[in-house]
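Only the coordinates and a few stated rules stand behind these numbers; no lab work does. Model, not experiment: these values are computed from the prediction. Heads up, the Cβs are rebuilt from the backbone with ideal geometry, glycines too, and the neighbour counts pull from every protein chain shown.
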């Protein structure tokens, strides 16, 4: 539905905030609605009008002449983790999102669930500034999984108890990881979560097939490894070989890269779209990690906002990159190019594309806040999406994924006013999402000086 324009009435109740002369970015239709007045009562958009709104009495008026109004950005893949000793450093990451125009994040699993739930409560109560937080809580994996804090599920009989634990925590969805989990347990988690009305997303063991996960009800696949696997005509034979003789994760990837088939890929993407299985490409984290051995990040301006404990978690990936053989580096480059080439066909086949940065501890030099803007740049400049499509992936599509489209993700009457003012037009240049002037969230206007002050307050 296109954005509605409602006329005002002479006896309109008082308005808390009136934004005037805004160039409203209609993310649903990818166009600019020029010179609009946006009326907000409490935290809800009540009217959008062309031109002046002289009959409205507003407690606060904001002149947005020459600026572009977009919905608040959503980063659909972030992490808070690293154990109790890094709790405070993780907490200090939260203002970085808001300062970069990100009003919602989706935590994709970690080991700081209790602290994260408290931060979320503090943000909602107004005692702490930060974005909305959706969280999976602990990941579900097999026994003795890679990531600390994960819940080990060793058999299909243990699935129900694991889901009970997550529901008791009050998670927003279920994140599955693939380091130790078996295919039968993985698929059973999806089926039982689906029956409970819980969304599922995550990695996938190479002993399972994405098409089977889609049939079971998988709501999203994180990263592109698993979609790439399903784009090979040899998937059945390679999967059977892995089941017979499990080998290392990386050892299988070259085979999938070499046998990638566009026709097979199109069929899989059509199945994903029909099954409403979204994709979170996370292009930027791969782009960054693939260059760790060559790039010097010590002069990164964002590094000043990352605590020493979190910086120390970067070393593992850096060491791994420096030890990589020439063959491994070449394979990573081929895979990165393939991943980028997959996003446009997914978009064309109707797959819901979600923008996620994969920022947080352990993912070296992928900084909370700024990395989402880098993800959008890669989506446009390298993967071939239009600026409108990329912007939609970071706004409306997140709301669609969480079935909150009626309330969030676009600028329309009746929706929650989570808004960002930009100095430049993001539909002409996606890098304009970085020109944040103001953020409006929970009825509060954050001026640029306040946003910069929030960042300075967490500088090390």
(request) Using only Cα atoms, tell me the angle between helix 448-457 and the longest principal axis of the chain; keep it within 0 to 90° and round to the nearest 10. (result) 40 degrees
(message) Rounded, prolate or oblate, given the Cα gyration tensor of segment 73-401, with a/c below 1.5 counting as rounded?
(response) rounded
(request) Evaluate E = 1/(1 + (r/R0)^6) for residue 43 and residue 88, where r is the Cβ-Cβ distance and R0 equals 41 Å; express this FRET efficiency to the nearest 0.05. (result) 0.90
(request) Before rounding to the nearest 500, sum -39500 (n - 2.57) across all DSSP H runs of length at least 4 in the chain and divide by the residue total; then give [θ] at 222 nm in deg cm²/dmol. (result) -11000 deg cm²/dmol
(message) I'd like to compare 112-122, 445-455: which one has the highest average count of other Cβ atoms within 10 Å, and what's the full order after that?
(response) 112-122, 445-455
(message) Calculate the FRET efficiency for residue 14 and residue 312 from the Cβ-Cβ distance with a Förster distance of 56 Å, rounded to the nearest 0.05.
(response) 0.60
(request) Could you check what % of the DSSP bridge pairs in the chain are antiparallel, to the nearest 5? (result) 50 percent
(request) Evaluate the distance, in nm, between pseudo-label points positioned 7 Å from the Cα of residue 147 and of residue 52 along their respective Cα→Cβ axes. (result) 5.4 nm
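Just order 399-410, 211-222, 51-62 by mean Cβ neighbour count inside 10 Å, highest at the front, would you? Show your work: numbers first, answer last.
On the way: 399-410: 17.9, 211-222: 21.7, 51-62: 13.7.
Ranked from most to least packed, the peptides come out as 211-222, 399-410, 51-62.
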(message) What do you get for the angle between helix 262-274 and the principal long axis of the chain? Use alpha-carbon atoms, 0 to 90 degrees, nearest ten.
(response) 60 degrees
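Taking only C-alpha pairs under 8 Å that are 6+ residues apart, what is the relative contact order of segment 384-460 in percent?
Details: 79 pairs, mean separation 16.3, N = 77.
Dividing the mean separation by the residue count of segment 384-460 yields 21 percent.
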(request) Arrange the peptides 415-421, 148-154, 384-390 so that the one whose residues have, on average, the most other Cβ atoms within 10 Å appears first. (result) 415-421, 384-390, 148-154
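Assuming 0.36 nm per residue, please report the length gained on full extension of the stretch residue 114 to residue 407 beyond their Cα-Cα distance. If you can, show how the numbers build up before the last one.
Numbers: separation 293, 0.36 × 293 = 105.48 nm, distance 2.72 nm.
Working it through step by step, the gained length comes to 102.8 nm.
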(message) Under 8 Å for C-alpha pairs, at least 6 residues apart: give me the relative contact order for the chain, rounded to a whole percent.
(response) 19 percent
(message) Let me make sure I get this right: for segment 358-460, a, b and c are the square roots of the gyration tensor eigenvalues over alpha carbons, sorted descending. Under 1.5 in a/c it's rounded, otherwise prolate if a/b > b/c, else oblate. Which is it?
(response) rounded
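Can you compute the FRET efficiency between residue 161 and residue 125 using 1/(1 + (r/R0)^6), with r the Cβ-Cβ distance and R0 = 25 Å? Round to the nearest 0.05. Walk me through the numbers on the way to the answer.
Values: r = 32 Å, r/R0 = 1.28.
After rounding to 0.05, the efficiency reads 0.20.
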(message) If I fit a long axis through the Cα atoms of helix 370-381 and take the longest principal axis of the Cα atoms of the chain, what angle between them do I get, 0 to 90°, rounded to 10?
(response) 80 degrees
(request) Once you have the Cα-Cα distance between residue 179 and residue 450, take 0.36 nm times their residue separation minus that, and quote the gain in nm to one decimal. (result) 93.4 nm
(request) Would you please classify the overall shape of segment 108-195 from the alpha carbon gyration tensor, given that a ≥ b ≥ c denote the square roots of the eigenvalues, rounded means a/c under 1.5, and beyond that prolate means a/b larger than b/c while oblate covers the rest? (result) prolate
